[in-house]
Amino acid sequence: MARFTRIQVAQKMAEQGMVPLFYHADIDVCKKVISACYEGGAHLLEFTSRGDFAHEVFGELSKYIRDNLPEMMLGVGSVTDAASASLYMALGADFIVTPVLREDIAIACNRRKVLWSPGCGSLGEIARAEELGCEVVKLFPGSVYGPGFVKAVRGPQPWTSIMPTGGVSPTEENLTGWFSAGVTCVGMGSKLLSSSLVQGEKYAEISAKVSETLALIKKIKG
């Protein structure tokens, strides 16, 4: 079961302003990277379910976090069906992120009061997601739509919380563009947790980069 409520997760997304995205098939690498993110101040992270036996890695990671990183909210991304969402929730996922809008996933998550964030690409999809109880909409791929899309959506719908993923980088120019447009938070994968840092086992540098990015977001948000 999830350790944190959907409201707690939504509040942490807004407070942190950033959702690091990470996947690795080696559980030991996952533990070290997520611990580095935690030390850098990121207490919410998305494990992207993209490899064979990813659920087994997640299960071990979930147990590790409960014992060692008590404040970490761990979610799962790239979930494409309700069965997978239910499996990950049984393994302790605190939130579910999907690349597309799937009503079966909404129903499965809502039954357990777990936050779900569907990938949307139109005002109609965003509106439908909110009708289904979505707190934070994922704008995907963010690089296709850009900050202008976010600003346009929030004109008629100022209540909409948006998290762009893809097309986000930890630079002041890029982040200023997104937050000025009105995003709630941003999702960042390889631009934040690069393969060179992970493969080089540069965990102190990962912590520092996470810390610097969080500080930059806080500065931009004022």
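Derivation of every value follows stated rules applied to the coordinates shown; laboratory data play no part. From a predicted model like this one, the values you see are computed outputs, not experimental measurements. Every residue, glycine among them, receives a Cβ derived from its backbone with ideal geometry; neighbour counts consider all protein chains shown.
Quick notes on this one:
- Only listed residue being hydrophobic (A, V, I, L, M, F, W, C), free of Cβ contacts under 8 Å to residues at least 40 places away in the same chain and crowded, with 20+ Cβ neighbours inside 10 Å, chosen from L21, L61: L61
- Residues that are surrounded by fewer than 16 Cβ atoms within 10 Å (Cβ to Cβ) and touching a residue at least 24 places away in the same chain (Cβ under 8 Å), drawn from the range 177-195: S180
- For the range 135-176, a tally of residues being of a type in the set (D, E, K, R) and surrounded by 19 or more Cβ atoms within 10 Å (Cβ to Cβ) returns 2.
- So E71, is it part of a strand (DSSP E or B), of a type in the set (D, E) and within 17 Å of the chain's Cα centre (by Cα): no
- Among the residues of the range 36-68, the one identified as among the small types (G, A, S), touching a helix residue (DSSP H, G or I) at 6+ places or on another chain (Cβ under 7 Å) and in a helix (DSSP H, G or I) is A36.
- Apart from one condition, R112 fits all of (1) within 23 Å of M72 (Cα to Cα); (2) in contact with a Pro (Cβ under 6 Å, 6 or more places away or on another chain); (3) of a type outside the set (G, A, S); the exception is (2).
- Number of residues in the range 88-103 that are surrounded by fewer than 18 Cβ atoms within 10 Å (Cβ to Cβ) and either in a helix (DSSP H, G or I) or touching a Cys at 6+ places or on another chain (Cβ under 6 Å) (or both) equals 2.
- Only a single item in (1) under 15 Å from the mean Cα position of the chain (by Cα); (2) of a type in the set (A, V, I, L, M, F, W, C); (3) buried (at least 20 other Cβ atoms within 10 Å of the Cβ) is not met by A108, and it is number (1).
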